[in-house]
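A quick write-up on the structure given underneath.
What follows is calculated from the coordinates using simple rules that are stated; it is not laboratory data. Everything quoted here is computed from the prediction, not taken from an experiment. Positions of Cβ are backbone-derived with ideal geometry, glycine not excepted, and every protein chain shown enters the neighbour counts.
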Amino acid sequence: RAGITVNKNAVPNDPQSPFVTSGIRIGTPAITTRGFKETQCVALAGWICDILDDIESPTVVERVRGQVADLCATFPVYAD
């Protein structure tokens, strides 16, 4: 919903069944390939926290979606 893609993964020592994915995995190859540096990674981590802190808020989702879109436009997958 907010334009951030993560993988659902099991968490080590999780009491849930191994078939319950109660954690997320955030890979960095896609963002480093785009040219993200520390500043952009810190911003992205903050937006993920914003979403997780208020996951049902359409206002937060919409705001983060816009921020993600702006960042991705600045760091396109395929540079001109």
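With each label modelled as a point 7 angstrom along the Cα→C-beta vector, the SER22-GLU62 pair spans 3.4 nm. Exposure proxy for ARG1, ARG65: other Cβ atoms within 10 Å of each Cβ, ordered fewest to most, give ARG1, ARG65. Between (i) 14.4, 48; (ii) 12.0, 36; (iii) 20.1, 58, which entry matches Rg and Dmax of the Cα atoms in Å as derived from the coordinates of this structure? This structure yields the entry labelled (i). Taking a point 7 angstrom from the Cα of THR74 along the C-beta vector, which residues in region 23-50 have backbone N less than 16 Å away? Flagged as within label range: 31-48. Computed from phi, the 3J(HN,Hα) profile of region 9-26 under the Karplus parametrisation 6.51, -1.76, 1.60 (θ = phi - 60°) reads 9, 5, 9, x, 6, 6, x, 5, 4, x, 8, 9, 8, 9, x, 10, 10, 10 Hz, with x in place of Gly and Pro. Close amide-amide hydrogen proximity is noted between ILE24 and ASN9, each under 5 Å apart and 5 or more residues distant or on a separate chain (H modeled in the peptide plane; Pro and chain starts excluded).
With a Förster radius of 25 Å applied to the C-beta separation of VAL6 and LYS37, the computed FRET efficiency comes to 0.80.
For the chain, which chymotrypsin sites (Phe, Trp or Tyr not before Pro) are in a loop by DSSP, counting at most 10 other Cβ atoms within 10 Å?
PHE19, TYR78
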